[in-house]
Amino acid sequence: NKKAFVELLFWKSPAAAYEMTKGYSSLQEGEGTTRSRVPPWTPQEEQELRELYWKFKEVEGGDIIAAILAHLPTPGRTRKQVVKQLVRM
């Protein structure tokens, strides 16, 4: 691609850089995307997250997210996923 230098002028995510080097249709199958690997939140998990947030919200000097992660029944969730879901809710 003779015009690839133009693409390099702008910030790229790792997925976009992978597509540039391997071909633009390489990620269409879903490989390399984080969204396909993150399981969606079920209504039960959302309700549990909401309850845990209200429970630990008033704790002084404590990390709310760490407390929620310690009491969350689903062990596979990361801190970033919990924060993102709380903001979304």
If R₀ is 41 angstrom, what is the calculated FRET efficiency for the pair GLN44 and VAL6, using the beta carbon separation as r and rounding to 0.05?
0.30
Taking the square root of 5 times each eigenvalue of the Cα gyration tensor, what semi-axes in Å does the equivalent ellipsoid of the stretch 40-88 have, largest first?
17, 11, 10
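Quick note: the coordinates plus some simple rules give every number you see, no bench work behind them. Predicted model only: the values in this text are computed from it and were never measured. Virtual Cβ from ideal backbone geometry, glycine too; neighbours counted across all protein chains shown.
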